[in-house]
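A.B. asks: Got a structure for you, questions after.
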Amino acid sequence: MDELLQARDIAIGLGGKITDNTVGFIACFDAESIAESYVISLEDLESLAAQQQEKCVVVVMVSSLL
């Protein structure tokens, strides 16, 4: 859960607009390049999965996918 909060804080720091859901959140940014950089910044957080869709990134806890 700490990694999810960390990922959320990073998104907010990059100017992301957050929409929470039951297993994570969606972060939307002003540009696709920011979303790409954000996904790269999450690669070290092993308990999270992130997928980019244009300017937005869906972030979920890996345990919710099992």
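The values are calculated or read from the model by the stated rules, or taken from the named source; none is laboratory data. Computed from a predicted model, the values in this text were never measured in an experiment. Backbone-built Cβ (ideal geometry, glycine too); neighbour counts: all protein chains shown. Side chains included, ligands, DNA and RNA excluded: accessible areas come from the protein's heavy atoms. Shrake-Rupley method; radii C 1.70, N 1.55, O 1.52, S 1.80 Å.
A.B. asks: Identify the residue in segment 49-65 that is within 12 Å of the chain's Cα centre (by Cα) and farther than 17 Å from residue 2 by Cβ and, among all such residues, is surrounded by the most Cβ atoms within 10 Å (Cβ to Cβ).
C.D. replies: Ranking the candidates gives 57 first.
A.B. asks: What residue, among those in segment 1-48 that are hydrophobic (A, V, I, L, M, F, W, C) and open to solvent by 70 Å² or more (accessible area, probe 1.4 Å), is nearest to residue 61 (Cα to Cα)?
C.D. replies: Top of the filtered list is 1.
A.B. asks: Whether any residue in segment 54-62 is in contact with a Gly (Cβ under 8 Å, 6 or more places away or on another chain) and not aliphatic (A, V, I, L, M) is what I want to check.
C.D. replies: Taking every residue of segment 54-62 in turn, none turns out to be in contact with a Gly (Cβ under 8 Å, 6 or more places away or on another chain) and not aliphatic (A, V, I, L, M).
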